[in-house]
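See below for the structure under consideration.
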Amino acid sequence: GQQVMQIPQYQHVQEGEDFTTYCNSSTTLSNIQWYKQRPGGHPVFLIQLVKSGEVKKQKRLTFQFGEAKKNSSLHITATQTTDVGTYFCAGYTGRRALTFGSGTRLQVQP
Amino acid sequence: GAVVSQHPSRVICKSGTSVKIECRSLDFQATTMFWYRQFPKQSLMLMATSNEGSKATYEQGVEKDKFLINHASLTLSTLTVTSAHPEDSSFYICSAKDVSGGHYEQYFGPGTRLTVT
């Protein structure tokens with residue numbers, strides 16, 4: 001079945017440093033979504049990318065969708081303590097339910 | 001944005017008992033809802049897709065007789081964990097997609113933390 005892996009599993013950064021998480025799917029995705037889950041909370045939708053090579057920005061967050069639509073990345077510039085949480089990518093492969101990536105847990109040291 | 005609620009938020013039960021978790025879409029109708037399970041420090045794993053008025057579709061490895069799903073209305077789906085055991089302790093999260101108006105994102109409930117003693 002489809003697998004969606006993310007690296008790294010965990011990253012600890014100093015506040016102000018940049019952070020990137022990479023998402024790789026074993027199959028082509030029709031689109032990719034990114035979610036953030038704070039400790040003890042539930043996933044919250046951040047963004048969806050649909051087009052091959054698409055790049056979207058939300059303030060300090062930059063999202064990219066690979067040309068082959070099998071990988072994606074999330075880059076955070078100048079991290080803040082409010083960025084702490086686990087970031088998941090998730091994609092559809094024609095099924096109606098999302099398949100979630102393994103997640104990257106971000107810890108930001110003030 | 002759309003709101004999905006879950007009840008209860010936390011439940012502790014004894015081994016062998018059954019627990020029902022409710023998932024409601026508060027301001028939209030959801031013909032399809034999804035049930036996920038998340039163990040500590042792991043990703044969300046889809047358990048089943050709940051379809052209004054029909055049987056749920058279970059993922060491979062999920063026992064349909066143990067995890068009973070009922071989707072009796074367009075705003076309510078329930079998950080019943082029958083004869084719960086300690087290994088069923090987990091964070092159960094439902095989600096629903098609001099397909100009206102061209103929306104595409106899934107809205108997640110706040111989750112239910114189940115502890116089986």
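None of the figures in this text is laboratory data; all of them are computed from the coordinates on show. Values in this document were obtained by computation on a predicted structure and should not be read as measured data. As a convention, Cβ positions derive from the backbone with ideal geometry for all residues, glycine included, and neighbour counts pool all protein chains shown.
Side notes on the structure shown:
- Value of relative contact order over the stretch A:6-101, rounded to a whole percent, pairs C-alpha under 8 Å and six or more apart: 35 percent
- Loop-located trypsin sites (Lys or Arg not before Pro) across the stretch A:40-110 with a Cβ neighbour count of 15 or fewer within 10 Å are A:LYS51, A:LYS59, A:ARG60, A:ARG95, A:ARG96, with loop assigned by DSSP.
- Filter on A:LYS51/B:LYS97; A:LYS69/B:LYS66; A:LYS51/B:LYS55; B:LYS20/B:LYS55; A:LYS69/B:LYS41; A:LYS70/B:LYS55 - keep pairs with C-alpha separation over 25 Å: A:LYS69/B:LYS66; A:LYS51/B:LYS55; A:LYS69/B:LYS41; A:LYS70/B:LYS55
- In the calculated pair-distance distribution of chain A, the portion above 23 angstrom amounts to 22 percent of the Cα-Cα pairs.
- Within the stretch A:7-110, GluC sites (Glu not before Pro) in DSSP loop having at most 16 other beta-carbon neighbours inside 10 Å: A:GLU15, A:GLU17, A:GLU67
- For B:SER83, net neighbour charge (Lys/Arg +1, Asp/Glu -1) across residues whose Cβ lies under 15 Å away: 0
- The 3J(HN,Hα) values that the Karplus relation (6.51, -1.76, 1.60; θ = phi - 60°) gives for the stretch A:65-75 are, in residue order, 10, x, 4, 8, 6, 10, 9, 8, 9, 10, 10 Hz. Gly and Pro appear as x.
- The dipole here belongs to chain A: it is taken about the Cα centre, uses +1 on the Cβ of Lys and Arg and -1 on the Cβ of Asp and Glu, and is about 420 debye.
- Restricting the stretch B:6-68 to trypsin sites (Lys or Arg not before Pro) in coil, as DSSP defines it, with at most 16 other Cβ within 10 Å: B:LYS14, B:LYS41, B:LYS55, B:LYS64, B:LYS66
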